[in-house]
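J.: Here it is, the structure in full.
The values are calculated or read from the model by the stated rules, or taken from the named source; none is laboratory data. Since the model is a prediction, treat every value here as computed from it, not as a measurement. All Cβ positions, glycine included, derive from the backbone under ideal geometry; neighbour counts span all protein chains shown.
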Amino acid sequence: MLLNINDIFYTFGAFMAVLIAVEIFINIRLYPGTNVFPVQLVVATALMAIARKVIVLDFDTLIPMYLLGIAATTLALGVTYRLLKQSNQDHGWHD
């Protein structure tokens, strides 16, 4: 094989970094065009960034508290995104 599993993970992580950059560009373009700050889109971008971090984690040098911190951040962002999505559906707002 030409690539080992770590190479595949790092390639996918680089692809995710490009997707995050595109999302940040969309955030920047949306904000000046409206009077409303797109909070749901920002939280979704943060979720994508933390997902990229989880994908490229090196478990050989990982300490348990770091993993706990990433898990807490992911959970908090997930709950926030769900609450924002639910609130937008209740009020009829959409990003």
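J.: Taking interchain pairs and intrachain pairs at least six residues apart, which have beta carbon atoms under 9 angstrom, with the first residue in the range 14-43 and β-branched (Val, Ile, Thr) and the second not in a helix (DSSP H, G or I)?
T.: Partner pairs satisfying both residue conditions: 26/38; 36/93; 39/95.
J.: Follow-up question, since we're still on this one. Check residue 14 against each of (1) within 15 Å of the chain's Cα centre (by Cα); (2) modelled with pLDDT under 80; (3) not β-branched (Val, Ile, Thr) and name the one condition it does not meet.
T.: (2)
J.: May I pose another question? I'm told residue 53 meets every condition in (1) surrounded by fewer than 15 Cβ atoms within 10 Å (Cβ to Cβ); (2) closer than 20 Å to residue 82 by Cα except one. Can you identify the failing condition by its number?
T.: (2)
Yes/no matrix, rows are residues, columns are (1) among the hydroxyl-bearing types (Ser, Thr, Tyr); (2) part of a helix (DSSP H, G or I); (3) surrounded by 13 or more Cβ atoms within 10 Å (Cβ to Cβ); (4) over 17 Å from the mean Cα position of the chain (by Cα):
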residue: 20; (1), (2), (3), (4): no, yes, yes, no
residue: 25; (1), (2), (3), (4): no, yes, no, no
residue: 37; (1), (2), (3), (4): no, no, no, yes
residue: 46; (1), (2), (3), (4): no, yes, yes, no
residue: 57; (1), (2), (3), (4): no, no, yes, no
residue: 60; (1), (2), (3), (4): no, no, no, yes
residue: 69; (1), (2), (3), (4): no, yes, no, no
residue: 74; (1), (2), (3), (4): yes, yes, yes, no
residue: 77; (1), (2), (3), (4): no, yes, yes, no
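Okay, residues lined up against (1) in contact with a strand residue (DSSP E or B) (Cβ under 7 Å, 6 or more places away or on another chain); (2) more than 30 Å from residue 5 (Cβ to Cβ); (3) modelled with pLDDT under 90:
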residue	(1), (2), (3)
41	no, yes, yes
53	no, no, yes
59	no, no, yes
69	no, no, no
72	no, no, no
77	no, no, no
80	no, yes, no
